[in-house]
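Take a look at the structure set out below.
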Amino acid sequence: YDPARVRAWTRETVAWLRKEFGKDAVHIALHLDETTPHIHALVVPTYIKETKRRRAVQVSHHKHPAFSGERSYEGCHDRYAKAICSLGIERGERAGGASWTSGERASERGSPPVPAALSLHQLSLSRR
């Protein structure tokens, strides 16, 4: 892989995660331990719950703006793809069209099976 391209992709991805999730993005780490550089991001989706007696921070992906509504995860993928499109990286397949690389083909490469679609927990640099 090209180290300059990885730096640019990392910079854009971290900026998008911080813009999209703010303080809810509690851990972002670049991993170079496999063939394809990837980022692991831990997001703890919070919201404010107000009652007559108190105001408290709660954790729920269903009530977080990024994950609320039908097809919210797909929308999240779309927003991320838009954020990195200037780097020449295209969005993976849409929901329902994603498939797993067969174990046979993966083993021929010497790798475990991986999802073919773009994933937020393991963001790929490969071009489509």
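The values are calculated or read from the model by the stated rules, or taken from the named source; none is laboratory data. Because the structure is predicted, anything quoted here is derived from the model rather than measured. Cβ coordinates were reconstructed from backbone atoms using ideal geometry, including for glycine residues, and neighbour counts include every protein chain displayed. Accessible surface areas use protein heavy atoms only, side chains included; no ligands, DNA or RNA. Shrake-Rupley method; radii C 1.70, N 1.55, O 1.52, S 1.80 Å.
Here the alpha carbons of region 1-43 define both size measures, Rg and Dmax, at 10.8, 31 Å. For CYS76, the shell of other residues with beta-carbons less than 13 Å away shows a net charge of +1, using +1 for Lys and Arg and -1 for Asp and Glu. For the set ASP78, ASP2, the ranking by accessible area, highest first and with no ligand, DNA or RNA atoms included, is ASP2, ASP78 under a 1.4 Å probe. The smallest convex shape that holds all Cα atoms of region 19-94, its convex hull, gives 113 Å³ per residue.
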